[in-house]
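To start, the structure under review is shown below, and the notes come after it.
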Amino acid sequence: MRQYSALQISDAAFNYEGRRDGWPAFFSFAPTRVDTVPADSTITREHGEHRIYWHADIAKDTVCTVGGCSIEELARGRTTIADAPVAELIVARWFGPAQALGEIAGGISRLMDKPIRVTTVSPLTGIHRIRDLRTTSVLRASLTVPSDYVEVPWPGFPSSSFSKGVNLGGKWRTVPNGR
């Protein structure tokens, strides 16, 4: 059986003016610690609310990491995931920046062939480089979950939130409205 689980975004916002709306006054930074998490670790199954703060910039080059790298700030924002395993932040940290870049004035074509850096601060903090940015066409019908997939709770989440007889995946099987 094919399965999927859904994330609930409880808050999301971004701007192109460099404002830190909804950000904490400051972030406390500790020395960088690189760690390897074994596949059977409980940390990948722990869940809770996660706040992600991010900014996207055109950088001097693709190897620049911190300090004086930004040539042009593109967007700043935040995303709050209501309840998910911490490991899912690897994907969720891209939601806000992808939307902001997709809606940027002048279109994404003005960013092609430029080194773009996305910095995220969350339980999984990092500096990410976007390379080979390009436009593409997506068929709206491909944005649905196939009928042979069923929605299940995240491992470790209470299954009581999944009521019997409710069409949990119904909204994911309908072509989305919009632009």
Point to revise | Ranking of Ser109, Ser142 by count of other Cβ atoms within 10 Å, fewest first | key: Ser142, Ser109
Check your understanding: What ranking do Ile81, Ile108 get, fewest neighbouring Cβ atoms within 10 angstrom at the top?
Key -> Ile108, Ile81
Practice item. Please list, in chain and number order, the residues 5+ apart from Ile9 or on another chain whose amide H is under 5 Å from its amide H, with Hs placed from the backbone. Key: Ala82
Exercise for review: Fewest Cβ neighbours within 10 Å first, please rank Ile90, Ile71 accordingly.
Suggested key: Ile90, Ile71
Check your understanding: At a Förster distance of 35 Å, what's the computed FRET efficiency of Trp154 paired with Arg134, Cβ-Cβ distance as r, to 0.05?
Key -> 0.60
Study note, to complete from the structure: Low-density loop GluC sites (Glu not before Pro), segment 61-145, at most 13 other Cβ within 10 Å, DSSP non-H/G/I/E/B, are Glu103
Review point. Which of the trypsin sites (Lys or Arg not before Pro) found in segment 98-146 are loop residues per DSSP with 12 or fewer other Cβ atoms within 10 Å of their Cβ?
Key: Arg131, Arg134
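Just so you know, all these numbers are worked out from the coordinates, no wet-lab data involved. These figures come from a predicted structure and were not determined experimentally. Note: ideal-geometry Cβ built from the backbone for every residue, glycine included; neighbour counts use all protein chains shown.
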